[in-house]
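See structure below.
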Amino acid sequence: MVSWEFVEEALVGYGFPKIFTQLVMICVTSPYFTVKVNGEGHGIFAGKRGLRQGDPMSPLLFVLVMEYLSRVLKCMGELPDFHFHPMCKHLKLTHLIFADDLMIICKGDTSSVARVMEALTHFSEVTGLVANVDKI
């Protein structure tokens, strides 16, 4: 779940107009939820972070968040102790993103993997996003 503060900072950072950013943030920060037990709602509570599943705007906002990660990984690829995978060196390819899947590609040496982990840690801290890592 990405923090709402990061979504707002990203929209501002990418240069979206202030009124547009405000409207998006009103939509993002207004969810209320209830818990249903045996078909009956019990209590109401406000959301604190994250994008709503099924909201038509959520995939677009997710793309903006992933654009930030792409930029972090690109900067990582420019560091002298990062080494590209031999098959990706010519293209300087560090990652592929499709839908909600991410594949990070690098040479398997200690310094390169450490740089990838630094980039992911930074991304997680800045965005509040908790990653589900299936395979390392």
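Evaluated with a Cβ-only charge set (Lys, Arg +1; Asp, Glu -1), the chain carries a dipole of roughly 140 debye about its Cα centre, given to the nearest 20. If the cut-off is 26 Å between C-alpha atoms, which lysines fall inside it for residue 36, apart from same-chain ones fewer than 8 positions away? By straight Cα distance, residue 36 reaches 48. Applying a DSSP loop filter and a limit of 16 other Cβ atoms within 10 Å to the trypsin sites (Lys or Arg not before Pro) in the range 51-136 leaves 52, 89, 92, 107, 135. Shape call for the range 87-129 from the C-alpha gyration tensor, a ≥ b ≥ c root eigenvalues: rounded (a/c under 1.5), prolate (a/b greater than b/c) or oblate? Oblate.
Give me the percent of accessible area attributable to carbon and sulfur for the chain, probe 1.4 angstrom. Roughly 62 percent of what the probe reaches on the chain is carbon or sulfur. Close amide H pairs (under 5 Å, H built 1.01 Å from N) link residue 95 with 105, residues at least 5 positions away or on another chain. Summing charges over all other residues whose Cβ lies under 11 Å from the Cβ of residue 27, with Lys and Arg as +1 and Asp and Glu as -1, gives 0.
Counting only alpha carbon atoms, the long axis of helix 58-77 and the longest principal axis of the chain meet at about 20°. Hydrodynamic estimate: the Kirkwood radius of the range 28-134 over Cα pairs, inserted into Stokes-Einstein at 37 °C and 0.692 mPa s, corresponds to D of 202 µm²/s.
The values are calculated or read from the model by the stated rules, or taken from the named source; none is laboratory data. Keep in mind that this is a model prediction, so the values were computed, not measured. Positions of Cβ are backbone-derived with ideal geometry, glycine not excepted, and every protein chain shown enters the neighbour counts. The accessibility values were calculated without ligands, DNA or RNA, using every heavy atom of the protein model including side chains. Shrake-Rupley method; radii C 1.70, N 1.55, O 1.52, S 1.80 Å.
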